[in-house]
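Peer 1: I'd like to ask you about the structure that follows.
The values are calculated or read from the model by the stated rules, or taken from the named source; none is laboratory data. As the structure is a prediction and not an experimental result, all values here were calculated from the model. All Cβ positions, even for glycine, are placed from backbone atoms using ideal geometry, and neighbour counts span all protein chains on display. Protein only, heavy atoms only, side chains kept; ligands, DNA and RNA dropped before computing areas. Shrake-Rupley method; radii C 1.70, N 1.55, O 1.52, S 1.80 Å.
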Amino acid sequence: MKGLLRLADLSIEQIQDIIHYAIEFKQGLSVSYENKKMATLFFENSTRTHYSFITAMMNLGIKVIDFNSSISSLSKGESLYDTVKTFEALGMDGVVIRHPKDNYFKELETIQMPILNGGDGASNHPTQSLLDLMTIYEEFHTFKGLKCCIVGDISHSRVAHTNIEVMQRLGMEVYISGPKEFDDGAAPYIPLDEALDKVDILMLLRVQFERHKEEMHLSIEDYHRKFGITREKIKRMKPHAILLHPAPVNRGVEIADDVVECEKSRIYKQMTNGVYIRMAVISMALDGIL
Ligand code: CP
């Protein structure tokens, strides 16, 4: 299949190439694909991924169709394959898909146009991870030896699962923390107190209530008291350490309101970098490199 479905399919060299290409776009590189058409097919809600892909397409001069699943033939029983095949038949040069089903793209193996994965279930979120890596690289100019702890709802998080795999390949030390009920063994668990002292990158996750089959054992108040990042906890981090969060943030749960834009936070920089990463990925897909 063409495009970008899982970061695990890319070599370290390919991942570094995407990040460097995105940095070139951030520095002003201009590339135009005025004769190309793409569609964004979001079967699950999104603000950042959805609209930064559209922004990236607009920056590249691509004509965009933004599929609206609520007024589509989905309600008449149209399958994912038939929706995607329709957009291929309409002449799209590529599509972006977000879908709640893990590995939805396995149903699309005969599709010829590039597919860019905007997130599948709790499994993959390749462009989110790439923008996280770009933000880390801009800060530290390396990956090797950096220590990162991902805190929160690990077991339901495609961001955590994608980042843990690629960060380990890049030579980073990756830990997880937060409520033990969300520890799925994806990386070594450390208590949050230890993470605050130890890491270069603290990555917070939203509690993804919409994916829970059972209720969380902690109240929101207890979660915030035990695992929420407050000004007091920020002060305990290393001077050079940074705070990441894929967002949307749940203010007052995993993050205190006044920490969202604090000096250590790179949350809005991550969103800005997401446009450049998506420009790079789209350009490489349209050029046949991905
Ligand atoms: N980070 C992220 O994927 O956010 P959205 O769900 O708003 O796209």
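Peer 1: Less than 30 Å apart at the alpha-carbon level, and either on another chain or at least 8 residues along: which lysines does that give for Lys85?
Peer 2: Lys2, Lys36, Lys37, Lys63, Lys76, Lys101, Lys106
Peer 1: Output needed for the chain: three equivalent-ellipsoid semi-axes, defined as square roots of 5 times the C-alpha gyration tensor eigenvalues, in descending order, whole Å.
Peer 2: Numbers: eigenvalues 209, 97, 53 Å².
In descending order, the three semi-axes are 32, 22, 16 Å.
Peer 1: Any chance you could check the Cα centroid distance between region 195-247 and region 96-111 for me, in angstrom?
Peer 2: Cα centroid of region 195-247 versus Cα centroid of region 96-111: 30 Å apart.
Peer 1: Could you compute the longest span of the chain free of GluC sites (Glu not before Pro) located in DSSP loops and having at most 15 other Cβ atoms within 10 Å, not counting the site residues?
Peer 2: On the way: sites that count: Glu34, Glu78, Glu109, Glu214, Glu215, Glu261, Glu263.
Within the chain, the longest run free of exposed GluC sites (Glu not before Pro) spans 110-213.
Peer 1: Right, another one. For region 75-146, run through the trypsin sites (Lys or Arg not before Pro) and keep only the ones in DSSP coil with at most 16 other Cβ atoms within 10 Å of their Cβ. All intermediate terms of the calculation are to be shown ahead of the outcome.
Peer 2: Working: sites: Lys76, Lys85, Arg98, Lys101, Lys106, Lys144; in loops: Lys101, Lys144.
Qualifying residues, ordered by number: Lys101, Lys144.
Peer 1: If the chain between Lys144 and Asp102 were fully stretched, how many nm would it gain, using 0.36 nm times the residue separation less the Cα-Cα distance?
Peer 2: Values: separation 42, 0.36 × 42 = 15.12 nm, distance 2.98 nm.
Between Lys144 and Asp102, full extension yields an extra 12.1 nm.
Peer 1: Keeping every protein chain present and rolling a 1.4 Å probe, give me the accessible area per residue for region 113-247 in Å².
Peer 2: Using a 1.4 Å probe on heavy atoms only, each residue of region 113-247 averages 37 Å².
Peer 1: A follow-up question, please. Give me the percent of accessible area attributable to carbon and sulfur for region 1-155, probe 1.4 angstrom. Before the final figure, lay out each step's value.
Peer 2: Details: 3210 of 6610 Å².
That share works out to 49 percent.
Peer 1: Scan around Leu116 for amide H atoms under 5 Å from its own, H built in the peptide plane at 1.01 Å from N, and keep only partners 5 or more places away or cross-chain.
Peer 2: Leu4, Val95, Val96, Ile97
Peer 1: Sum up the charges of everything whose Cβ sits under 15 Å from the Cβ of Leu80, counting Lys and Arg as +1 and Asp and Glu as -1, but leave Leu80 out.
Peer 2: Values: positive: Lys76, Lys85, Arg98, Lys101, Lys106; negative: Glu44, Glu78, Asp82, Glu88, Asp102, Glu107, Glu109, Asp120.
With Lys, Arg at +1 and Asp, Glu at -1, the neighbours total -3.
Peer 1: Let me ask something else. Straight-line reach only, C-alpha to C-alpha below 25 angstrom: list the lysines that Lys198 could link to, leaving out same-chain residues fewer than 8 apart.
Peer 2: Counting by Cα, and skipping residues close in sequence, Lys198 has these lysines nearby: Lys144, Lys147, Lys180, Lys226, Lys233, Lys235, Lys238, Lys264, Lys269.
Peer 1: Turning to a different aspect of this structure: Under a 5 Å amide H to amide H cut-off, with H placed in plane at 1.01 Å, what residues pair with Ile176 once short-range neighbours are removed?
Peer 2: Ile150, Tyr189, Ile190
Peer 1: Based on DSSP H assignment, which helices of the chain show an axial Cα extent of at least 15 Å together with a mean Kyte-Doolittle hydropathy greater than or equal to -0.5?
Peer 2: On the way: long enough: 12-26 (21 Å, 0.08); 48-59 (16 Å, -0.15); 126-140 (21 Å, 0.10); 158-169 (17 Å, -0.57); 267-286 (29 Å, 0.75).
Both cut-offs are met by 12-26, 48-59, 126-140, 267-286.
Peer 1: Between Lys63 and Lys85, what length in nm is gained on full extension when 0.36 nm per residue of separation is reduced by their alpha carbon distance?
Peer 2: Working: separation 22, 0.36 × 22 = 7.92 nm, distance 1.86 nm.
So the extension gain works out to 6.1 nm.
Peer 1: Right, something else. For a distance above 23 Å, tell me the whole-number percent of Cα pairs in region 190-290 that qualify.
Peer 2: 38
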